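The structure appears right after this line, and notes come after that.
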Amino acid sequence: MRVAALYDIHGNVPALHATLTELEVVKPDLIVIGGDTISGPMPVQTLEILFQLDTPVQFIRGNGDREVLLTFDGEAQALEMSDSVREITSWVAEQLSRSHRDFLSRLPLTYTLTRENYEDVLFCHAIPTNDEYIFTPLTPDTVVATYFERTLQRIVICGHTHVQFERRLGDLRILNAGSVGMPFANKPGAYWLLLDGDSYEHRFTPYDVEAAAKQIASTNYPQAQKFAEENVRKIPTAQEAMEFLEALAQKNRPSVY
């Protein structure tokens with residue numbers, strides 16, 4: 001069974017289109033959408049494209065999806081976020097219909113793929129029990145082990161940090177799929193993961209980033225120009241992102257860890 005894991009699309013329709021075009025050649029049996037799908041410049045278009053796919057699709061929830069849902073429901077005051085993120089989240093929520101909201105409310109935190117003759121695979125956004133905890137290749141093994149200590153599956157696919165990597169803890173293999181729409185990597189493009197039996201491949205799909213940046217900049221998204229410049233035309237490197245995220249995680253990580 002071939003499974004394409006597309007994480008952190010963040011409303012980047014040009015990147016999604018390019019990835020789906022490549023999937024027409026790859027022909028996966030299942031597409032897993034790993035959360036933070038709509039928090040970006042083209043939220044409704046992103047959802048509608050995914051709803052129309054012929055390939056079976058399994059969605060899970062990301063922190064961005066949860067925050068948009070709470071904002072739609074008038075509960076944004078319960079969220080701790082910066083002013084810029086709050087502005088984005090409010091704008092995205094305003095674009096959605098009631099049916100979109102109801103769809104978001106049904107998204108599960110995790111999805112377990114049961115495969116005949118192969119090990120089961122757990123898909124989560126950040127970690128299995130929380131959609132926003134951060135870990136990177138720089139995170140100590142002791143912390144990562146605590147995050148996954150009750151995980152029964154020995155293969156876990158996650159996202160959230162937008163950096164492709166693999167971590168191994170004993171017989172546990174953790175694969176980060178990267179990000180389709182807002183990657184942290186050495187060159188712009190769309191990043192995702194292909195699982196095929198016992199093997200996996202971190203994939204990269206190039207697309208016309210200049211055309212995409214112009215399209216995104218023309219939207220009413222509150223930070224359209226910034227998104228176009230900093231997440232499409234040019235992107236942070238994986239190393240820069242990991243160092244920033246790990247510093248952020250150390251400050252915000254629960255003291256129990």
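The values are calculated or read from the model by the stated rules, or taken from the named source; none is laboratory data. All figures in this text were calculated on a predicted structure; none of them were measured in a lab. Here the Cβ positions follow ideal geometry from the backbone for every residue, glycine too, while neighbour counts run over all protein chains shown. Areas reflect the complete protein model, heavy atoms only, side chains present, ligands, DNA and RNA absent. Shrake-Rupley method; radii C 1.70, N 1.55, O 1.52, S 1.80 Å.
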Query raised in the report: For R106 and A76 in one chain, what is 0.36 nm times their gap in residues minus the Cα-Cα distance, to one decimal in nm?
Result: 8.9 nm
Report summary line: For the chain, the percent of accessible surface on carbon and sulfur atoms (probe 1.4 angstrom, ligands and nucleic acids excluded) is 48 percent
Query - Inter-part distance where the range 1-45 and the range 74-139 are each reduced to a Cα centre, Å - result: 15 Å
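List nothing, just return the count: lysine pairs in the chain, 8 or more apart or interchain, with Cα separation under 23 Å.
For the chain, the number of qualifying lysine pairs is 6.
Taking the mean number of other Cβ atoms within 10 Å as a proxy for protection, how do you rank 36-45, 205-214, 126-135 from highest to lowest? Don't skip to the answer; put the middle values down first.
Working: 36-45: 24.6, 205-214: 16.3, 126-135: 19.7.
So the peptides 36-45, 205-214, 126-135, ranked by packing, come out 36-45, 126-135, 205-214.
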Query raised in the report: Anyone know which of A177, A241, A190 comes out most mobile in the 10 Å Cα GNM of the chain?
Result: A241
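What number comes out for accessible area per residue over the chain if the probe is 1.4 Å? Units Å², please.
That works out to 45 Å² per residue.
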